[in-house]
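What follows is a single structure, written as structure tokens, with notes after it.
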Amino acid sequence: MRDPRIPITYAQAINEAITQAMASDRSVICYGLGTTDPKGIFGTTIGLEAEFGSSRVFDVPCSENGMTGVGIGAALGGVRPVMTHQRLDFFLLAMDQLVNAAAKWRYMFGGHSSVPITIRLIIGRGWGQGPTHSQNLQAWFAHVPGLKVVMPTTAFEAKGLLLSSIFDPNPVIFLEHRWLHNATAEVPTTNYKLPLGKSAVARSGSDITILSMSYLTVEALRAAEYLLEQYGVSCEVVDLLSLRPIDWDTIVQSLQKTRSLLVLDTGQTTGSIAGEILARSVSEIRIDFKQTPKRLAMPDYPEPTSFGLTDDFYVDAGHIAKAVLEQLDINPKCNLRQLKPQSPHDVPGPWFKGPF
């Protein structure tokens, strides 16, 4: 057994969660495109076939709609499938199975039957992935009643939330950002679960609430550190973790304290989760905001492939710091591009070696 005091990667935490789930319950299976590949879906499924056998861990033909239907049928028959698509974009071919079958089943049968399937979808960008391999469509899934949608940020959260997802009676969309797979954290060796539908206060603060998700939480924390050091601005960073259901209790508690709100979103601006949070924050929550709440998301056009065009396309710590200062009516002392990741800009840092 590994030493829990030694940090492991996000990908290793995913692997450990699946391993422990399969060891504790023989109804859990793991399959998907690349599951038994030598690289093991960015390292998340390495060694599973050797440990549990090809009847429970297996690759499948490239038929997204078909493989999803197989998983839904298996779930209805008492199996707990963990199905993986190496890109969220590929899964769009299976939306009929997800929306018209998995998501509706529990409701149509009065709660007497459900589809306990966990669908892992990889999101993110970089290295010229372009408009058909970089999409962040979490708002699509969160729009559908009957689905739960999870976006963990740290290795600790990834393991605990995946274990909860696997043993939840409902279909869960589990979204992993590629730039997080190599991030490390201390992770308990125990089979622990984190509750679905709960957010986490990643950093306490008093001047403004920054609501973030997935990799943007990393950028939000960088921006918050800079703003405190350079401007004395205290940011509270709340990591959503769950996009359906959303943890409104934690959001309200933070807003009652700061009375200022900036919402970050890895997806396009129009129709975003950020837009939903802003709408409910100003129409349903009784907060005397000090200024109009704002959102910061990607532009409303496809994500470019070009190295040059991606330079200022994605939200980073510089954009976040600039938005906070504008919202608090503070003039920036310098060009905030200094907060951009070190060159090249399309990887999270010089330490990152892939794969994508």
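The values are calculated or read from the model by the stated rules, or taken from the named source; none is laboratory data. Here the structure is a predicted model, which is why all the values come from computation and not from measurement. Using ideal geometry, Cβ is built from the backbone for each residue, glycine included, and neighbour counts are taken over all protein chains shown. For the accessible areas, the whole protein counts, side chains as well, though only heavy atoms, and no ligand, DNA or RNA atoms are used. Shrake-Rupley method; radii C 1.70, N 1.55, O 1.52, S 1.80 Å.
Within region 137-156, one or more residues are of a type in the set (Phe, Trp, Tyr), within 26 Å of Ser24 (Cα to Cα) and open to solvent by 10 Å² or more (accessible area, probe 1.4 Å). Thr132 falls short on exactly one of the conditions (1) of a type in the set (Ser, Thr, Tyr); (2) open to solvent by 30 Å² or more (accessible area, probe 1.4 Å); (3) in a helix (DSSP H, G or I), and that condition is (3).
Cβ-Cβ contacts under 9 Å between residues 6 or more apart (or on different chains), taken from a first residue in region 280-303 that is touching a residue at least 40 places away in the same chain (Cβ under 8 Å) and outside any helix (DSSP H, G or I) to a second residue that is small (Gly, Ala, Ser) and surrounded by 14 or more Cβ atoms within 10 Å (Cβ to Cβ), are listed as Met298/Gly267; Met298/Ser272; Pro302/Gly130; Pro302/Ser134; Glu303/Gly130; Glu303/Ser134. In region 256-271, the residues that are touching a residue at least 12 places away in the same chain (Cβ under 8 Å) and at positive phi reach residues that are assigned to a strand (DSSP E or B) and open to solvent by less than 10 Å² (accessible area, probe 1.4 Å) with C-beta atoms within less than 9 angstrom, at least six apart or across chains, in these pairs: Arg259/Ile208; Arg259/Thr209.
Looking only at residues in region 157-206 that are within 20 Å of Val315 (Cβ to Cβ) and of a type in the set (D, E, K, R), which one is surrounded by the most Cβ atoms within 10 Å (Cβ to Cβ)? Checked region 157-206; the qualifying residue surrounded by the most Cβ atoms within 10 Å (Cβ to Cβ) is Glu176. Within region 296-308, the set of residues being open to solvent by 10 Å² or more (accessible area, probe 1.4 Å) and over 13 Å from Pro344 (Cα atoms) comprises Leu296, Ala297, Pro299, Asp300, Tyr301, Pro302, Pro304, Thr305. Of the residues making up region 98-113, those that are within 24 Å of the chain's Cα centre (by Cα) and open to solvent by less than 70 Å² (accessible area, probe 1.4 Å) are Leu98, Val99, Ala101, Ala102, Ala103, Lys104.
Does Gly78 qualify as being assigned to a loop (DSSP other than H, G, I, E, B), under 22 Å from Thr266 (Cβ atoms) and more than 20 Å from the chain's Cα centre (by Cα)? First the steps, then the outcome.
On the way: assigned to a loop (DSSP other than H, G, I, E, B): yes; under 22 Å from Thr266 (Cβ atoms): no; more than 20 Å from the chain's Cα centre (by Cα): yes.
Spelling it out, it is not the case that Gly78 is assigned to a loop (DSSP other than H, G, I, E, B), under 22 Å from Thr266 (Cβ atoms) and more than 20 Å from the chain's Cα centre (by Cα).
Within region 309-333, the only residue that satisfies the criterion of being farther than 22 Å from Tyr226 by Cα and either open to solvent by 40 Å² or more (accessible area, probe 1.4 Å) or not polar (S, T, N, Q) (or both) is Leu309. Exactly one residue among Ile277, Ile246, Ile251 is in a helix (DSSP H, G or I), closer than 14 Å to Ala142 by Cα and modelled with pLDDT of 95 or more, and that residue is Ile277.
Of the residues that make up region 262-284, is at least one acidic (Asp, Glu), touching a helix residue (DSSP H, G or I) at 6+ places or on another chain (Cβ under 9 Å) and under 24 Å from Leu180 (Cα atoms)? Yes, that holds for at least one residue.
Can you name every residue in region 96-114 that is assigned to a helix (DSSP H, G or I) and free of Cβ contacts under 8 Å to residues at least 40 places away in the same chain?
In the first step, residues of region 96-114 are kept if they are assigned to a helix (DSSP H, G or I); the result is 96-108.
Scanning region 96-114 gives Asp96, Gln97, Asn100, Ala101, Tyr107, Met108.
Among the residues making up region 286-295, a single one is over 15 Å from Glu326 (Cβ atoms) and either in contact with a helix residue (DSSP H, G or I) (Cβ under 6 Å, 6 or more places away or on another chain) or surrounded by 19 or more Cβ atoms within 10 Å (Cβ to Cβ) (or both): Ile287.
Selection of first residues in region 158-185 that are outside any helix (DSSP H, G or I) and of second residues that are among the aromatic types (Phe, Trp, Tyr) and open to solvent by 20 Å² or more (accessible area, probe 1.4 Å), restricted to Cβ pairs under 8 Å at least 6 apart or on distinct chains, gives the following pairs, ordered by first then second residue: His181/Phe42; Asn182/Trp351; Ala185/Phe156.
Restricting to region 12-59, name every residue that is more than 22 Å from Val115 (Cα to Cα), outside any helix (DSSP H, G or I) and open to solvent by less than 40 Å² (accessible area, probe 1.4 Å).
The initial filter retains those residues of region 12-59 that are more than 22 Å from Val115 (Cα to Cα), namely 12-13, 15-16, 34, 36-54.
Now narrow it down to the ones that are outside any helix (DSSP H, G or I): 34, 36-39, 44-47, 53-54.
The answer is Gly34, Thr44, Thr45, Gly53.
Could you grab me the full set of residues in region 213-246 that are in contact with a Gly (Cβ under 6 Å, 6 or more places away or on another chain) and in contact (Cβ under 8 Å) with a residue 40 or more places away in the chain? Correct list: Cys235, Ser242, Pro245.
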